Amino acid sequence: MKLSYVSLDMPFRYPFTISRGTKTHQPTLVVCLEHIGIKGYGEAPEISYYPVTRKKMIEDAQTKRTFIEKFAFTSPDRYWHYLYHVFPQNSFLLCALDIASWDLYGKILRKPLYEIWKLDPAKCPQTDYTIGIDTIEKMVEKIKDKPWPIYKIKLGTPGDLRIMEALRASTDALFRVDANAGWSLEEALEIIPRLKDMGVEFVEQPLAKENWEGMKILREKSVLPLIADESCVAETDVKKCGDYFHGINIKLTKCGGITPALRMISHAKDLGLKVMVGSMNETSIGTAAIAQMLPLLDYVDMDGPLLLKEDIAEGLRFENGKAVLTASPGLGIIPSPQLQFN
């Protein structure tokens with residue numbers, strides 16, 4: 001096995017604002033694993049409110065390069081378990097390496113991942129398109145600039161209801177709302193019934209991740225399904241979320257890649273929870289990993305490449321809000337030849 005990587009700053013089409021802050025670029029790390037002449041690619045973005053930077057990912061990869069490269073690769077599952085003990089505190093790097101190993105594995109078998117997992121490519125939910133917090137006029141402009149069947153609206157401001165009223169007046173599309181832990185219990189109890197009247201499908205992470213007491217009350221009273229995001233980071237969070245939410249949003253980067261995400265999906269379904277996999281503004285490389293899992297999901301948020309000004313891979317495309325799964329092996333993508341891997 002041979003490891004290489006490239007660090008990138010991907011500009012957004014619009015400044016991307018959520019209740020936690022604004023960014024104009026998405027920092028990300030793309031890795032390549034080469035084995036028997038075949039290359040697999042993976043990705044992990046840097047997220048400011050999680051304590052893993054690209055610098056940390058690169059330092060860990062360099063320090064433990066020998067461990068990464070000397071493993072006798074036979075399957076992604078075995079490789080993930082091995083790497084989990086090598087990088088127990090770095091789920092981000094673990095995610096990038098895990099995605100790359102699945103891409104590699106699919107290419108070795110000459111099959112797309114969904115076929116390896118025996119999934120039906122016709123059963124794919126539509127992805128939403130995210131409208132970040134901005135002036136009301138700008139948020140309306142973003143919707144008109146990108147006609148789409150489902151929008152995820154970022155909220156968590158004093159003017160949330162005014163925003164939603166203006167957006168609803170601009171489109172008949174289905175809405176989802178993501179408060180990014182930006183509401184108090186009292187605000188959520190007031191706002192959510194109004195959102196239901198506006199055609200909102202569900203609300204993602206309404207309260208702070210540690211506000212379990214508030215979530216217990218809100219789950220009992222909410223007229224809309226509630227989906228955990230910040231409250232559901234790793235596999236160990238799934239069971240607890242089952243008592244406080246109606247579903248979970250799995251982020252590959254946070255949980256450590258495809259391998260644990262597949263286990264989380266299975267566990268959530270056993271608990272009767274709805275399952276969503278979400279974007280952390282990955283390019284098509286990281287987003288293609290989500291695409292391969294689509295037939296397993298109730299909802300998906302995989303709009304990262306749509307929010308960026310440019311992309312770094314080909315092979316992922318959308319039709320009527322759905323990612324199109326092809327017969328190409330592994331992730332089904334081809335990285336840009338301009339990428340300079342170290």
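The values are calculated or read from the model by the stated rules, or taken from the named source; none is laboratory data. Values in this document were obtained by computation on a predicted structure and should not be read as measured data. Positions of Cβ are backbone-derived with ideal geometry, glycine not excepted, and every protein chain shown enters the neighbour counts. Areas reflect the complete protein model, heavy atoms only, side chains present, ligands, DNA and RNA absent. Shrake-Rupley method; radii C 1.70, N 1.55, O 1.52, S 1.80 Å.
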Once all Cα-Cα distances of segment 128-281 are split into 5 Å bins that start at 0, what whole-number percent is in each one?
-> 2, 9, 20, 21, 19, 15, 9, 4, 0
Taking H as built 1.01 Å from N, whose amide H comes closer than 5 Å to the amide H of Gln26, not counting residues under 5 places away?
-> Met10, Phe12
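Shape of segment 1-131 from its Cα gyration tensor (a ≥ b ≥ c, root eigenvalues): rounded if a/c is under 1.5, otherwise prolate when a/b > b/c, or oblate?
Oblate is the answer for segment 1-131, as a/c is 1.5 or above yet b/c matches or exceeds a/b.
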Computed over segment 211-261, the Cα gyration tensor eigenvalues, each multiplied by 5 and square-rooted, give semi-axes in Å (largest first) of 22, 10, 8
Sequence-distant or interchain residues sharing an amide H contact under 5 Å with Ala181, placed H: which?
-> Leu207
How big is the charge dipole of segment 192-335 about its Cα centre, in debye rounded to the nearest 20, if each Lys and Arg gets +1 on its Cβ and each Asp and Glu gets -1 on its Cβ?
-> 320
In whole angstrom, the spacing between the Cα centers of segment 324-342 and segment 78-155 equals 14
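With the Cα gyration tensor of segment 194-342 giving a ≥ b ≥ c as the square roots of its eigenvalues, does the rule (a/c under 1.5 for rounded; else a/b larger than b/c for prolate; else oblate) give rounded, prolate or oblate?
Prolate shape, in that a/c is at least 1.5 and a/b is the bigger ratio.
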Rounded to a whole %, the carbon-and-sulfur portion of the accessible area of the chain at a 1.4 Å probe is 50
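What dipole magnitude, in Debye to the nearest 20, does the chain give about its Cα centre under +1 on Lys/Arg Cβ and -1 on Asp/Glu Cβ?
700
Please work out the FRET efficiency for the pair Tyr82 and His267, using the Cβ-Cβ distance as r and a Förster radius of 25 Å; give the result to the nearest 0.05.
0.70
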Taking Cα atoms, the helix 185-197 axis meets the longest principal axis of the chain at an angle in degrees (rounded to 10) of 90
Å² per residue, accessible surface of segment 169-242 at 1.4 Å | 44
Distance between modelled label sites at Ser336 and Arg65, nm, 7 Å Cα→Cβ extension = 2.5
Write down the accessible area per residue of segment 1-116 in Å², having rolled a 1.4 Å probe over the full set of protein chains.
-> 45
Under the rule of -39500 (n - 2.57) per DSSP H run of 4 or more residues, summed and divided by the residues of the chain, what mean residue ellipticity at 222 nm is obtained, to the nearest 500 deg cm²/dmol?
-> -10500 deg cm²/dmol
Integer Hz, Karplus 6.51/-1.76/1.60 couplings in order for segment 211-228, x for Gly and Pro | 8, 5, 4, x, 5, 4, 5, 5, 4, 5, 9, 5, 8, 10, x, 10, 10, 7
Would you kindly calculate the mean projected area, averaged across all directions, of the convex hull enclosing the Cα atoms of segment 12-74, in square nanometres?
-> 6.0
Pull up all non-local amide H partners of Tyr129: gap of 5 or more, or a different chain, and H-to-H distance under 5 Å with H placed in the peptide plane.
-> Ile150, Tyr151, Lys152
Whole-Hz Karplus ³J(HN,Hα) for segment 41-52, in order, using 6.51 cos²θ - 1.76 cosθ + 1.60 and θ = phi - 60°, x for Gly and Pro?
-> 10, x, 8, 9, x, 8, 10, 4, 9, 10, x, 10
Along segment 10-17, what does the Karplus equation 6.51 cos²θ - 1.76 cosθ + 1.60 (θ = phi - 60°) give for ³J(HN,Hα), rounded to whole Hz, x for Gly and Pro?
-> 9, x, 7, 5, 10, x, 9, 10
Which one of Pro88, Ile143, Thr17 has its Cα pushed farthest toward the positive end of the charge dipole of the chain, where Lys and Arg give +1 and Asp and Glu give -1 at the Cβ?
-> Pro88
Segment 233-282: proportion of alpha-carbon pairs further apart than 18 angstrom, % = 19
Segment 41-113: relative contact order as a whole-number percent, Cα under 8 Å and 6+ apart = 46
So for the chain: antiparallel DSSP bridges make up what percent, rounded to the nearest 5?
-> 50
Could you grab the relative contact order for the chain? Cα pairs under 8 Å, six or more apart, rounded to a whole percent.
-> 20
Cα coordinate range in the chain, projected on the principal axes (Å, largest first) | 58, 39, 38
For segment 115-211, what class follows from the C-alpha gyration tensor (a ≥ b ≥ c being the square roots of its eigenvalues): rounded when a/c is under 1.5, otherwise prolate if a/b is larger than b/c, else oblate?
-> oblate
Length gained if Glu186 through Lys56 is fully extended, taking 0.36 nm per residue and subtracting the Cα-Cα distance, is 42.9 nm
Given 10 °C and 1.306 mPa s, how large is the Stokes-Einstein diffusion coefficient of segment 171-236 in µm²/s, with Rh as the Kirkwood radius over Cα pairs?
-> 132
